[in-house]
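*Asks:* My questions all concern the structure below.
The values are calculated or read from the model by the stated rules, or taken from the named source; none is laboratory data. Note that the structure is predicted; figures quoted are calculated from it, not measured. Please note: Cβ atoms are built from the backbone with ideal geometry, for glycine as well, and neighbour counts cover all protein chains shown.
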Amino acid sequence: MAHTQDFVPSRDAEFDGWLANLTGYVDGKTAGASPAWTHIPAAKVTDLKQRNTDWHAAYAKTLGPHTSVDTEAKNDARHAAESFARQFVAQYLKFAPVTNEDRTAMNLHNRDTTHSAIGKPATRALITDLKGLGGFRTEIRFQDEATPDSHAVPYGMNGCLLNYTVGAVKVTDYALLKETQLMTRSPFTLSLGPEAEGKFLSCAPRWQSARGELGPWGEIQHRVVG
């Protein structure tokens with residue numbers, strides 16, 4: 001049966017334990033000279049660990065006497081950590097080499113096997129708009145080429161995998177788009193650092209199925225950050 005309950009705990013105390021367990025499990029599977037999992041970039045694991053550290057520090061400050069500023073900081077840290085964790089789970093923990101046993105250990109939902117298998121994506125994902133939002137953020141709107149009147153993610157897809165790079169010149173070679181973000185809804189906001197100011201963001205989308213299979217490339221799009 002498919003799960004309908006959210007896998008992220010709503011209560012802060014439970015979320016604190018859930019995120020610590022998830023982070024520790026991922027760290028254990030990706031650490032060492034011969035890690036069990038090699039599909040997760042080391043930088044993403046580092047980011048997950050930092051989000052967990054930031055969240056726990058902010059949360060701990062609210063367990064005793066505290067101010068409204070402490071509460072606001074805790075809420076901000078929760079939002080940042082939860083958003084990152086959801087993205088991380090969707091992109092890296094829903095398909096092989098991660099197993100159902102792994103997901104159970106991380107308190108994640110296992111994949112629903114009651115539906116017919118969805119094949120490899122056959123249509124292209126297309127970026128329809130890139131818009132600067134300030135603060136080195138870019139709003140990305142995307143859709144399927146077969147449904148130009150809808151921005152919904154096609155049935156059976158995990159989301160739209162954005163491959164991108166930032167540099168002094170526009171990139172036209174898909175192989176050079178080394179960074180990735182899984183976009184689960186349109187519009188999606190990509191946040192970059194201040195070092196990206198004045199440089200070209202080059203990006204291209206492709207659908208990713210629930211099994212991790214990738215569809216054909218959409219066209220590479222560009223914008224100047226800042």
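*Asks:* Kindly check whether there is at least one residue in segment 23-43 that is surrounded by 18 or more Cβ atoms within 10 Å (Cβ to Cβ), more than 30 Å from GLU145 (Cβ to Cβ) and among the charged types (D, E, K, R).
*Replies:* Scanning segment 23-43, I find at least one residue that is surrounded by 18 or more Cβ atoms within 10 Å (Cβ to Cβ), more than 30 Å from GLU145 (Cβ to Cβ) and among the charged types (D, E, K, R), so the answer is yes.
Residues checked against (1) aliphatic (A, V, I, L, M); (2) out of contact with any His (no Cβ under 8 Å at 6 or more places or on another chain); (3) not assigned by TED's automatic domain parsing to the domain that holds ILE140:
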| position | (1), (2), (3) |
| --- | --- |
| THR165 | no, yes, no |
| THR172 | no, yes, no |
| LEU176 | yes, yes, no |
| THR189 | no, yes, no |
| ALA196 | yes, yes, no |
| PHE200 | no, no, no |
| ARG211 | no, yes, no |
| PRO216 | no, yes, no |
| ILE220 | yes, yes, no |
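*Asks:* Contact list please: Cβ distance under 7 Å, first residue in segment 14-25 and more than 11 Å from LEU48 (Cα to Cα) and touching a residue at least 24 places away in the same chain (Cβ under 8 Å), second residue among the hydrophobic types (A, V, I, L, M, F, W, C) and part of a helix (DSSP H, G or I), pairs at least six apart or on different chains.
*Replies:* Listed pairs, sorted by first residue: TYR25/ALA105.
*Asks:* Here are some conditions: (1) at pLDDT 95 or above; (2) within 20 Å of the chain's Cα centre (by Cα); (3) in a loop (DSSP other than H, G, I, E, B). VAL169 meets all but one. Which one does it not meet?
*Replies:* It fails just one condition, (2).
*Asks:* Being among the charged types (D, E, K, R), modelled with pLDDT of 90 or more, buried (at least 18 other Cβ atoms within 10 Å of the Cβ) and outside the structural domain of LEU182 (by TED's automatic domain parsing) is true for just one of LYS74, LYS61, LYS94, LYS49. Which residue is that? I'd like the intermediate steps shown before the answer.
*Replies:* On the way: LYS61 fails: buried (at least 18 other Cβ atoms within 10 Å of the Cβ); LYS94 fails: modelled with pLDDT of 90 or more; LYS49 fails: buried (at least 18 other Cβ atoms within 10 Å of the Cβ).
Residue meeting the stated conditions: LYS74.
*Asks:* Can you pull out the residues in segment 160-195 that are among the small types (Gly, Ala, Ser) and more than 28 Å from GLY134 (Cβ to Cβ)? Before the answer, list the steps.
*Replies:* Narrowing segment 160-195 to residues among the small types (Gly, Ala, Ser): 167-168, 175, 186, 191, 193.
ALA175 - this is the single residue of segment 160-195 that is among the small types (Gly, Ala, Ser) and more than 28 Å from GLY134 (Cβ to Cβ).
*Asks:* All but one of (1) farther than 18 Å from THR180 by Cα; (2) without any contact (Cβ under 8 Å) to a residue 40 or more places away in the chain hold for SER83; which doesn't?
*Replies:* All conditions pass for SER83, except number (1).
*Asks:* Just give me the residues in segment 196-221 being surrounded by 15 or more Cβ atoms within 10 Å (Cβ to Cβ) and within 19 Å of GLY132 (Cβ to Cβ), in sequence order.
*Replies:* ALA196, LYS199, PHE200, LEU201, SER202, CYS203, ALA204, PRO205, ILE220, GLN221
*Asks:* For SER202, indicate whether it is of a type in the set (Ser, Thr, Tyr) and in a strand (DSSP E or B). Give the steps one after another, and end with the answer.
*Replies:* Values: of a type in the set (Ser, Thr, Tyr): yes; in a strand (DSSP E or B): yes.
Criteria met by SER202.
*Asks:* Kindly establish whether LEU177 is within 18 Å of the chain's Cα centre (by Cα) and under 30 Å from ASN21 (Cα atoms). Spell out how you get there, then give the answer.
*Replies:* Working: within 18 Å of the chain's Cα centre (by Cα): yes; under 30 Å from ASN21 (Cα atoms): no.
When the stated conditions are applied, LEU177 does not pass them.
*Asks:* Please work out which one of (1) in a helix (DSSP H, G or I); (2) in contact with a Lys or Arg (Cβ under 9 Å, 6 or more places away or on another chain); (3) under 23 Å from THR180 (Cα atoms); (4) not aliphatic (A, V, I, L, M) is the condition PHE15 fails and give its number.
*Replies:* (3)
*Asks:* To continue, here is another question. Examine segment 173-195 for a residue that is hydrophobic (A, V, I, L, M, F, W, C), crowded, with 19+ Cβ neighbours inside 10 Å and part of a loop (DSSP other than H, G, I, E, B), and state whether such a residue exists.
*Replies:* No, that holds for no residue.
*Asks:* Identify all residues within segment 32-64 that are over 19 Å from PHE15 (Cβ atoms), β-branched (Val, Ile, Thr) and outside any loop (DSSP other than H, G, I, E, B); write none if there are none. First the steps, then the outcome.
*Replies:* Residues of segment 32-64 over 19 Å from PHE15 (Cβ atoms): 32-46.
Still in the list and also β-branched (Val, Ile, Thr): 38, 40, 45-46.
Selection gives VAL45, THR46.
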